[in-house]
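Structure first, then comments.
The values are calculated or read from the model by the stated rules, or taken from the named source; none is laboratory data. In this text the structure is predicted, and so the values were computed from the model without any measurement. Here the Cβ positions follow ideal geometry from the backbone for every residue, glycine too, while neighbour counts run over all protein chains shown.
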Amino acid sequence: MASISRSRFSTGHIPTSNVRRRSLLRSIRAERNPYTKAALRNEIISIEKEITQLLDRIVDAESATVIGAYERKIDELERQKLVIAEKRARCGTAIKGYDESFRTAFEFLSSP
């Protein structure tokens, strides 16, 4: 059985594999990135809660002006929710390269 030298442990350095190191870096980046799927899902959930609260207020409101204001706010929140859902769907996908992105446009412009 091979013995491990004490000098490696006395410095506090514990060797790790590159795979573990990359995995750790990915998880740190994901936590810092506000556009991760989990963060976007949480944002959608908070918007849905706000919409529910506004619907409850509409039921209790008596003024047509107040009800109209609540409905406009709900429409705005629904649009925000759709934008976030689109971002969430694209989250984690690779960005297309220049050639791939503009190929169709160049083909269209090259043919009269």
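Here are the numbers:
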{"read-out": "Flag if E31 is modelled with pLDDT under 70, out of contact with any Pro (no Cβ under 6 Å at 6 or more places or on another chain) and assigned to a helix (DSSP H, G or I)", "value": "yes"}
{"read-out": "Tally of residues being surrounded by 10 or more Cβ atoms within 10 Å (Cβ to Cβ) and either at pLDDT 80 or above or more than 15 Å from K37 (Cβ to Cβ) (or both) across the stretch 91-105", "value": "4"}
{"read-out": "Those residues of the stretch 34-50 which are at pLDDT below 70 and surrounded by 10 or more Cβ atoms within 10 Å (Cβ to Cβ), in sequence order", "value": "Y35"}
